Amino acid sequence: MPKTKIITAILLGCLALTSAIASAQQPRITFDEFFNSVSITTVKISPDGRSVLIGTRRPDWDHNRFRRDIWIYREGSGDPILLTHAGRDGSPEWSPDGRWIAFLSDRSLPAENAGDEPASEKQLTQLFLISPAGGEAFPVTVGEEPVSEFAWSPDSTSLYFVTRQPWSATKRTQYKAEWKDVEQFRESERGAVIVRISVADAMNAANGIASNTLVKVPGKALGQDKGETAETPGAKIIATLPYNIGEIAISPDGNTVAFTSRPPSGRIEDVDSDELYILSARGGEPRQLTKNQLPENGIRWSANSRQIFFAAHGDINAGYEQIQRRIYSLDIEGGQLKRWATDSIGSLSDPDFATDGSLVSAVSHGTQVQLFRWKSEDGKLAPVTDWPGTYGDFSLAKNSPRVAFVYSSLGHPTEVYLAEGMDKMRDARAVTSFNELFTHRALPKGVPYHWKADDGTDVEGMLIYPPGQFGAKHLRTLTLIHGGPASADGDKFRADHYDWAILAASEGWLVFRPNYRGSSGYGDKFQRDISPQLLSRPGKDILEGIDSLVRDGIADPERLTIGGYSYGGYLTNWLITQTPRFKAAVSGAGAVEHAATWGNDDLTFDDAWYLGGTPWEAQKNYNEQAALWQMNRVTTPTHIVAGSSDVRVPVLEAYLLERALHTLKVPSTLLIFPGEGHSLGKNPWHGKIKVREELKWLEKYCPADAHVQ
């Protein structure tokens, strides 16, 4: 027996009894409890390290939406308190002096009266300010275009924000008169503007905005007629651009604005439109710093305002590849580009600077996500954290060694923690208890599982056991496949429609979560091996993992099921054409062919890399890796779900799959969620109903009380 399996077997034996005793003392998670979990979306520590802003997302069942709230934890005050109350707020950022908090919200604002027309209610995302002490938030911006990004000036006196190029009232009226509700697909696309407004002007204008008596301020932007006025009082446009903006960051000396470009449509059809630019904070023409095939993100300035740090997938000096995320620095004057942490085989993200000058990053490696730091591009990565599990967002105080971060594992529900310094992370204390209920439930236990692929490659996944059955044998098994595919499943707590492994385990399933070829955190070659074998190579990895589980006596070969969402749905659709061994399948937002997804996807360049080119350049790959052409081999009863407005994976793929199965008389059902995009983020009932029906489907065709031969 391989050494890793011997170690796993010993671990299972040692923990099985403890698991059974603990599970007998606590109830299991109920279906409703699972879907009442709170997601932590943002963590921002104050400059002095004494307060933490926390963004949350939770279902509002009565109003058929998700609430987005901002909380504040203050040192010595106990639990966090709710800072904003609209339920539509997020992306909070401290001013550098700690006196203000800026955030984005799509809460309703009264529109300006136009002639005799009554005021209307708008829900466009706008920029707001609020005091850390609480009170009423007031709007900084108002207009017909939503605010997408913003950043503070280092002296805290101004805010920079991004909107689409505004049209004047005359221009809007003319367009509507000519085109009615017709969409000019490309011709109506507009680039962005970067706008600066002082906090003083925002405060002076706030009463006018709130009371619906806007003060018009002379100014002109591209797309406005001569003599028209700007929408936000006191705002000054410093750049008008032919493209959209992904991120924006102001240099510590306040002189330069760095930003990343994105296509004006929001569809990333090629990677040449994603570049890094700088611009004088006073305005003028931007200067392009990069010309490559990688989207840059997570931009951060060095303390001396001379370098910009960012993360990117792959080698920035080569063509686009979907491989490990790396961190680079770029000298804005000399143009020198340096890669950091060359010794890491994991995937790096979210670079930021600690008070000692070291660069800190989250590193995904295998089933763990930990924090590391280093002090030079040639230096070695040094671990900062060591709790087994997953570290999420982290925030470093500018004037204090304190660190705030999100942490979870299968046995520890997601919460926010505060540490006194980078060297004291293991002594961090939880400052939230949003998901405390789950600590009083019998949570499933998990362990990494390893097997060999047919080409000799080591492959890993997670096994998540039903409470009280850790280490048990011959279990009915759900193989739940992650999306991406550049992602990985590991030791973490997540509770939503996309990742419901904890709930499935609580319902009596052994959940197998394979990190197949193409998953991140296992090195460049492992991730690169998926192309152009987009489904066949990962599919083999998964089936070989299931075979290994059966050989080890862990999975019952007569009670196997499969499912996944997004790319996990792609693989589910593929695998039911490769074998009849699954008793049931649940497929969400998964494609059965690739030409239509290439044409509709908002990440078209990604599809082309995975399959070796455009549909006419790589027709053989597009056909050979498509489940549609092998549907006549399917016998597995399959439940399908999709959002009606999904762009990432068009809903037509769900209709194609259902039509094929219906024609073949294979048992199937299809649920369409109205108005939902790929993330099913509009109405929490949709995700809840999705998983409710998936569990019913699995139970129908693979019941817990089925007789085992």
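Can you pull out the chymotrypsin sites (Phe, Trp or Tyr not before Pro) in the stretch 544-619 whose DSSP state is coil and whose Cβ has at most 11 other Cβ atoms within 10 Å? Display every interim value, and only then the final one.
Details: sites: Tyr565, Tyr567, Tyr570, Trp574, Phe582, Trp598, Phe605, Trp609, Tyr610, Trp616; in loops: Phe582, Trp616.
Passing both the DSSP loop test and the Cβ count: Trp616.
Counting only C-alpha contacts under 8 Å and six or more residues apart, can you give the relative contact order of the stretch 429-537 as a whole percent?
26 percent.
Just in the stretch 266-366: which trypsin sites (Lys or Arg not before Pro) are loop by DSSP and have at most 13 other Cβ atoms within 10 Å? Write down the numbers at each step before the final one.
Numbers: sites: Arg267, Arg282, Arg287, Lys291, Arg300, Arg306, Arg325, Arg326, Lys338, Arg339; in loops: Arg267, Arg282, Lys291, Arg306.
Sites meeting the loop and neighbour criteria: Arg282, Lys291.
How large is the helix-only mean residue ellipticity at 222 nm for the chain, computed as the sum of -39500 (n - 2.57) over DSSP H runs with n ≥ 4, divided by its residue count, in deg cm²/dmol to the nearest 500? Kindly include the intermediate steps, with their values, before the conclusion.
On the way: 13 runs with 140 residues, N = 709.
It comes out at -6000 deg cm²/dmol, rounded to the nearest 500.
Per residue of the stretch 287-300, what does 6.51 cos²θ - 1.76 cosθ + 1.60 with θ = phi - 60° give for ³J(HN,Hα)? Whole Hz please, x for Gly and Pro, Karplus curve as stated.
Going residue by residue, I get 10, 7, 9, 10, 8, 8, 10, 10, x, 8, 7, x, 6, 9 Hz, with x marking Gly and Pro.
What pairs from Lys492/Lys583; Lys424/Lys492; Lys452/Lys473 go past 26 Å between their alpha carbons? Display every interim value, and only then the final one.
Working: Lys492/Lys583 28 Å; Lys424/Lys492 22 Å; Lys452/Lys473 21 Å.
Violating the 26 Å limit, Cα to Cα: Lys492/Lys583.
Take each of the peptides 626-638, 53-65, average the number of other beta-carbon atoms within 10 Å over its residues, and list them starting from the highest. Working shown, then result.
Working: 626-638: 19.3, 53-65: 17.0.
Top to bottom by mean Cβ count within 10 Å: 626-638, 53-65.
Whole-Hz ³J(HN,Hα) for each residue in the stretch 472-478, computed from phi via Karplus 6.51 cos²θ - 1.76 cosθ + 1.60 with θ = phi - 60°, x for glycine and proline: what do you get?
5, 10, 6, 8, 5, 10, 10
If amide H atoms are built 1.01 Å from N in the plane of the peptide, which residues on other chains or at least 5 residues away come under 5 Å of the amide H of Thr125?
Those qualifying (amide H under 5 Å, at least 5 residues apart or on another chain) are Val147.
So if I take the centroid of the Cα atoms in the stretch 121-160 and the same for the stretch 492-535, what is the distance between those two points in Å?
38 Å
Run the numbers on the stretch 379-420 and let me know its relative contact order in percent, using alpha-carbon pairs under 8 Å that are six or more apart.
About 31 percent, as a whole number.
Note down the net charge around Ser91, summing +1 for each Lys or Arg and -1 for each Asp or Glu among other residues with Cβ under 14 Å from its Cβ. Don't skip to the end; give the middle numbers.
Numbers: positive: Lys44, Arg57, Arg68, Arg88, Arg107; negative: Asp69, Asp89, Glu93, Asp106, Glu149, Glu247, Asp393.
Within the 14 Å Cβ shell, the charges total -2.
Search the structure for amide H atoms under 5 Å from the amide H of Ile481, placed 1.01 Å from N in the peptide plane, and list their residues when 5 or more places away or on another chain.
So Ile481 has HN proximity to Gly563, Gly564, Tyr565.
Considering the zone a paramagnetic label at Lys620 would reach in this model (a point 7 Å from Cα along the Cα-to-Cβ line), which residues of the stretch 591-608 have amide N under 12 Å from it?
none
I need to check one value: relative contact order of the stretch 647-709, counting alpha carbon pairs closer than 8 Å and at least 6 residues apart, in percent.
23 percent
Among the aspartates and glutamates, which have Cα under 19 Å from the Cα of Lys690 when same-chain residues fewer than 8 positions away are ignored?
Cross-link targets: Asp32, Glu33, Asp60, Asp62, Asp496, Asp499, Glu507, Asp646, Glu653, Glu658, Glu676, Glu699.
Cβ under 10 Å from Pro466's Cβ, Pro466 left aside: what net charge do those residues give with Lys, Arg +1 and Asp, Glu -1?
Working: positive: Arg28, Lys445, Arg476; negative: Glu507.
Local charge sum for Pro466: +2.
Please return the longest range in the chain lying between exposed loop sites, taking GluC sites (Glu not before Pro), DSSP loop only, at most 13 other beta-carbon atoms within 10 Å, and leaving the sites out.
On the way: sites that count: Glu75, Glu183, Glu187, Glu333, Glu617.
Maximal segment without exposed cleavage sites: 334-616.
Sort out for me the Cα centre separation of the stretch 394-470 from the stretch 262-326, rounded to whole Å.
31 Å
Which trypsin sites (Lys or Arg not before Pro) in the stretch 458-567 pass both tests, a DSSP loop state and at most 16 other beta-carbon atoms within 10 Å?
Lys473
Residue by residue, what Karplus-based ³J(HN,Hα) values in Hz, rounded to whole numbers, does the stretch 45-60 have, using 6.51, -1.76 and 1.60 with θ = phi - 60° and x for Gly and Pro?
Couplings: 8, 5, x, 8, x, 9, 9, 9, 8, 10, x, 10, 9, 9, x, 10 Hz.
Where in the chain are the DSSP H helices whose alpha-carbon span along the long axis reaches 18 Å or more and whose Kyte-Doolittle mean is at least 0.5? Numbers along the way, then the final one.
On the way: long enough: 3-25 (34 Å, 1.27); 536-551 (22 Å, -0.41); 684-701 (26 Å, -1.26).
Going by DSSP H runs, the hits are 3-25.
FYI, it's all coordinate maths here, none of it is from the lab. Remember, predicted model here, so these are calculated numbers, not experimental data. No Cβ is skipped: glycine too gets one built from the backbone with ideal geometry, and neighbour counts run over all protein chains shown.
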